[in-house]
Amino acid sequence: MYQTRQFCSLVKLLGVLTLWNCVFVRSHAWAQNTTPLVIEHADQMLGYETSLGTVRELNGNVLMRQGTTEIRCDRARQELWSGRAELEGNILITQGAVRMRMQRGEYRSTERRAWGQGNVVIEDSSATLRAPLGIYELDSQRAIFYRGVELRDSATAVTADSIVYLRRTGERTAWRNVRIVFSRERTSVEGDSAYQNPRENVAWVSGRCFLIEWDTTANGDTLYLLAESLFMARDTAAQYVRARGNVRLLRGPLAAVADTAWLWQRDSMRLEGNPIVWADSAQLSGNVITARLRQGHLTRVVARVSAALGIVEDSLSLAPHQLLAEAITLEFDGDSLRAVFGSRSVHTLYL
């Protein structure tokens with residue numbers, strides 16, 4: 001076995017060596033990097049000079065270390081002048097609780113950045129991130145994944161074409177074909193882009209949003225909602241949703257359109273901006289409409305300011321009965337309309 005000092009001197013003379021068992025060689029990183037990349041083991045090692053500088057090729061059970069970062073792989077090619085190491089085969093990069101795995105990639109010691117392709121996976125105690133292509137910046141603890149990404153934690157699953165994930169805060173931003181599933185809230189949402197902060201329990205979704213809240217205790221309680229943008233916030237007791245832009249929703253016996261909608265605690269909603277609600281035989285409009293449900297059944301709908309109601313008693317009616325007022329209240333029993341109340345400037349038309 002050659003000693004490290006002997007090997008380095010031979011490399012300078014363009015020598016070619018094969019080293020068996022453990023090899024400890026300290027690389028010469030850029031002056032910007034105060035923590036060098038150390039080769040701790042390789043079954044075989046080849047060193048040679050190029051016009052740019054020294055190259056080391058490592059083969060078999062490769063182990064390199066930079067500070068607290070450990071790199072393992074089957075093969076590696078290290079450029080001492082650039083701080084770049086090409087990695088191949090069963091790559092595992094470890095930093096504390098973080099594990100990054102891939103089949104091909106590179107590590108830049110001067111930037112402390114890892115790049116990989118071929119089922120790239122990053123996992124820690126909080127989340128798992130998976131994609132065909134990924135970059136991880138070790139100092140900032142930021143992951144940038146592309147080409148069909150999946151992120152999972154204990155409460156959420158996110159899929160998208162691209163995701164940027166900040167490990168320190170858990171924040172994630174996703175682009176194109178985004179889908180987020182909140183398992184505890186039994187909710188999924190799709191859109192063109194999204195931002196989620198699990199610590200704050202908030203999420204923003206924009207661009208052709210489609211939200212579904214699945215049935216809970218009542219049949220037919222599923223919410224379907226379309227909008228241009230969504231804001232979602234939740235706590236231990238309830239979930240709050242604000243939808244904006246060409247809102248369309250369906251929940252149980254109620255259908256509605258509006259410019260803006262607020263929904264909370266699965267049983268309350270508020271609609272603004274040319275809202276219209278359809279329930280049973282009634283069509284109700286106004287400046288603002290609120291609705292209450294109980295266990296998936298509609299109990300009350302109220303329209304305020306320039307309210308208008310149309311009721312069709314049966315399929316043979318040629319036109320609806322109409323009621324105009326400043327405020328109109330509809331009361332339901334078992335999803336059937338039972339009572340209508342109008343107040344202030346009431347006008348009726350019966351056809």
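Of the strands (runs of 3 or more DSSP E) lying entirely inside segment 29-137, those carrying at least 1 residues that are in contact with a strand residue (DSSP E or B) (Cβ under 9 Å, 6 or more places away or on another chain), touching a residue at least 60 places away in the same chain (Cβ under 8 Å) and within 26 Å of ALA160 (Cα to Cα) are 98-108. Scanning segment 175-185 for any residue that is on the phi < 0 side of the Ramachandran plot and either in contact (Cβ under 8 Å) with a residue 60 or more places away in the chain or touching a Phe, Trp or Tyr at 6+ places or on another chain (Cβ under 7 Å) (or both) turns up nothing. Inside segment 96-123, residues that are within 17 Å of the chain's Cα centre (by Cα) and surrounded by fewer than 16 Cβ atoms within 10 Å (Cβ to Cβ) make up a count of 1. Considering the conditions (1) touching a Ser or Thr at 6+ places or on another chain (Cβ under 9 Å); (2) under 26 Å from SER343 (Cβ atoms); (3) surrounded by fewer than 16 Cβ atoms within 10 Å (Cβ to Cβ), ARG294 is excluded by exactly one of them, (1). Of the residues ARG266, ARG248, the single one that is crowded, with 17+ Cβ neighbours inside 10 Å and over 20 Å from SER343 (Cα atoms) is ARG266. Within segment 164-191, the set of residues being farther than 20 Å from ALA143 by Cα and assigned to a strand (DSSP E or B) comprises VAL181, PHE182, THR187, SER188, VAL189, GLU190, GLY191.
When we screen ALA261, ALA255, ALA325, ALA307 for residues that are surrounded by 20 or more Cβ atoms within 10 Å (Cβ to Cβ) and either aromatic (Phe, Trp, Tyr) or within 28 Å of CYS209 (Cα to Cα) (or both), the only hit is ALA261.
We did not get these values from a lab; they are worked out from the coordinates using the rules stated. Every value quoted in this text rests on a predicted model; they were computed, and no experiment measured them. Virtual Cβ from ideal backbone geometry, glycine too; neighbours counted across all protein chains shown.
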